[in-house]
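Asker: Sharing a structure with you now.
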Amino acid sequence: MPSGEWNSGYPMQPDQIDAANKRLVREMASIAGLRIVEPTEAREWPQEMASEAYIGLAGDFVRLVEPHTEADPIALLGNFLVGTGALFGREAYAIADGRRHYPVESLLVAGQTGSGRKGTATGRVMPVLEAVEEGFSSRVLSGLSSGEGLIKGISPAKGDIVLPGDVRRFLALLPEFASLLTVMKREGNTLSAILREAWDCNRLRVLTRKEPLDVDGVNLSIIAHVTPEELLNNLTATDRCNGFANRFLIILVRRSKLLPEGGGDVNLSPIVTRLHAAIEAARGRGLIARDSAARELWAGEYERLTRPRDGIRGALCGRAEAHVLRLSLLYALLDSANAIRPEHLQAALAFWECCERSIEHLFGGATGDVDGQRILNALADGPMAITDLYRLFGNHREREWVQAKMGMLVRAGKVVATVKQGDRKEVVQAWTLKGMVRE
């Protein structure tokens, strides 16, 4: 053994075991030329969203409602921005590299079942949308399962008169996003492709049928809910690589407070009146550009937003600049502004930075899911290398998923990095239960 102090039969105390394990890992890693990432304490909850994000009408809505609900203020803000974006249509837009970006966004709210209060936040926003536009509830979609079904659901009914330039506006509410991810894995399912085209505001078509489906001029905003465990367990490499997942603003939320008697009624009339005025002010507006001060701020942030990043988190942040652009447009429209000003851009950057922190936490924080427990149970029999973990899941998990899952367990303080002898008798990186040291 590399360390002369190590003897598995010696009745060590827990702190001595940890120290011996660390020495063993460092010495064997040095011999093998491996880099060991030291275990960290369970990761703290991400920093709250910066105050710059709570400006204008969106911020006033949150401040009005927040004292009367257990929903996370971040969830209230995200739901309000994405929900109201569904009302603006294509009357105003921003441009990036010759492409029009409308105030269309997709929001994925991650939080624990029940205590996350994900649905509570959505429920606080829907009455505002319905009060601003009569009949809006008829354009709220649910139960998506196929691209064909989605296109049928948003296509004009027979006899409807559709004029050139008409825009059909919809909001999809997906409280079971994990089920959607499962459905999209089925062979031949076109929903992922159609949702990607919808985020891009392109023509939506499914042509592999005797009667092709085709609809244009559709704005589809999405609000979806998921638990952290469901997201990691069901998000495939394909979803990341084909750009499906990074078309969502991902935010991590939790219950903000305990209200044993429930929240009180809130007079939403001032918000409804101002939102209606903002929608009217946007009619026929066309291009909304940045003013000179916002252009200077954007120039300073653009390189950071567009920098290449590796791994799952890099893939999920791959559309940072597009999200910030659309968010800044939304903030400007809610202000009835003629241009995107610095405060709109700063608000958008603050929201996006919260998304980045959420992604970092979700793919590197605490666990408690079925797959995580399965790994912990297997580690009770001894250290496991990545090839062992492949076999544990029947070789149905890709390397990035395994690395992310083990990162979660390490940061949760349940697992530490170690080394073991590989299949070819070489020393390879491995993981073992914290406090468990074996010869």
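The values are calculated or read from the model by the stated rules, or taken from the named source; none is laboratory data. What you see is a predicted model; the values in this text were computed from it and never measured. Please note: Cβ atoms are built from the backbone with ideal geometry, for glycine as well, and neighbour counts cover all protein chains shown.
Asker: Given the conditions (1) part of a helix (DSSP H, G or I); (2) under 30 Å from ASN242 (Cα atoms), and given that GLY318 satisfies all but one, which numbered condition is not satisfied?
Answerer: Of (1) part of a helix (DSSP H, G or I); (2) under 30 Å from ASN242 (Cα atoms), only one is false for GLY318: (1).
Asker: Could you please let me know if ALA86 is crowded, with 23+ Cβ neighbours inside 10 Å, over 30 Å from ASN267 (Cβ atoms) and of a type in the set (Gly, Ala, Ser)?
Answerer: no
Asker: Scan region 181-192 residue by residue and report those that are under 18 Å from LYS152 (Cα atoms) and within 18 Å of the chain's Cα centre (by Cα).
Answerer: MET184, SER192 - these are the residues of region 181-192 that are under 18 Å from LYS152 (Cα atoms) and within 18 Å of the chain's Cα centre (by Cα).
Asker: So if I check each of GLU321, GLU356, GLU296, which one is more than 30 Å from GLU398 (Cβ to Cβ), charged (D, E, K, R), surrounded by fewer than 20 Cβ atoms within 10 Å (Cβ to Cβ) and in the same structural domain as LEU235 (by TED's automatic domain parsing)?
Answerer: That would be GLU296, the only listed residue that is more than 30 Å from GLU398 (Cβ to Cβ), charged (D, E, K, R), surrounded by fewer than 20 Cβ atoms within 10 Å (Cβ to Cβ) and in the same structural domain as LEU235 (by TED's automatic domain parsing).
Asker: List every residue pair whose Cβ atoms sit under 6 Å apart, with the two residues 6 or more apart in sequence or on different chains, where the first one lies in region 186-203 and is assigned by TED's automatic domain parsing to the domain that holds VAL218 and the second, anywhere, is aliphatic (A, V, I, L, M) and part of a helix (DSSP H, G or I).
Answerer: Pairs that qualify, where the first residue is assigned by TED's automatic domain parsing to the domain that holds VAL218 and the partner is aliphatic (A, V, I, L, M) and part of a helix (DSSP H, G or I), are LEU191/MET184; SER192/MET184; ILE194/LEU150.
Asker: Within region 33-61, how many residues are modelled with pLDDT of 75 or more, assigned to a loop (DSSP other than H, G, I, E, B) and of a type in the set (Ser, Thr, Tyr)?
Answerer: 1
Asker: Next up: For region 381-407, which residues satisfy the criterion of being in contact with a Lys or Arg (Cβ under 9 Å, 6 or more places away or on another chain) and either outside any loop (DSSP other than H, G, I, E, B) or among the hydroxyl-bearing types (Ser, Thr, Tyr) (or both)?
Answerer: Selection gives MET384, ALA385, ILE386, ASP388, LEU389, TYR390, LEU392, GLU400, ALA404, LYS405.
Asker: Within region 294-310, identify whether any single residue is in contact (Cβ under 8 Å) with a residue 40 or more places away in the chain and touching a Ser or Thr at 6+ places or on another chain (Cβ under 8 Å), and answer yes or no.
Answerer: yes
Asker: Now for a separate question. Read through the list (1) surrounded by 17 or more Cβ atoms within 10 Å (Cβ to Cβ); (2) in the same structural domain as LEU252 (by TED's automatic domain parsing), then give the number of the only condition that GLY372 fails.
Answerer: (2)
Asker: Let me ask another. Taking interchain pairs and intrachain pairs at least six residues apart, which have beta carbon atoms under 6 angstrom, with the first residue in region 425-436 and modelled with pLDDT of 85 or more and the second among the charged types (D, E, K, R)?
Answerer: ALA430/LYS420
Asker: Of all residues in region 113-132, which are surrounded by fewer than 16 Cβ atoms within 10 Å (Cβ to Cβ) and either more than 20 Å from ILE279 (Cβ to Cβ) or out of contact with any helix residue (DSSP H, G or I) (no Cβ under 8 Å at 6 or more places or on another chain) (or both)?
Answerer: Selection gives THR113, GLY114, SER115, GLY123, PRO127.
Asker: Just checking, how many residues over region 121-141 are more than 21 Å from ILE74 (Cα to Cα) and of a type in the set (Ser, Thr, Tyr)?
Answerer: 2
Asker: Given the condition buried (at least 18 other Cβ atoms within 10 Å of the Cβ), of a type in the set (A, V, I, L, M, F, W, C) and either assigned by TED's automatic domain parsing to the domain that holds PRO103 or modelled with pLDDT under 95 (or both), answer yes or no: does some residue in region 253-263 qualify?
Answerer: Scanning region 253-263 turns up at least one residue that is buried (at least 18 other Cβ atoms within 10 Å of the Cβ), of a type in the set (A, V, I, L, M, F, W, C) and either assigned by TED's automatic domain parsing to the domain that holds PRO103 or modelled with pLDDT under 95 (or both).
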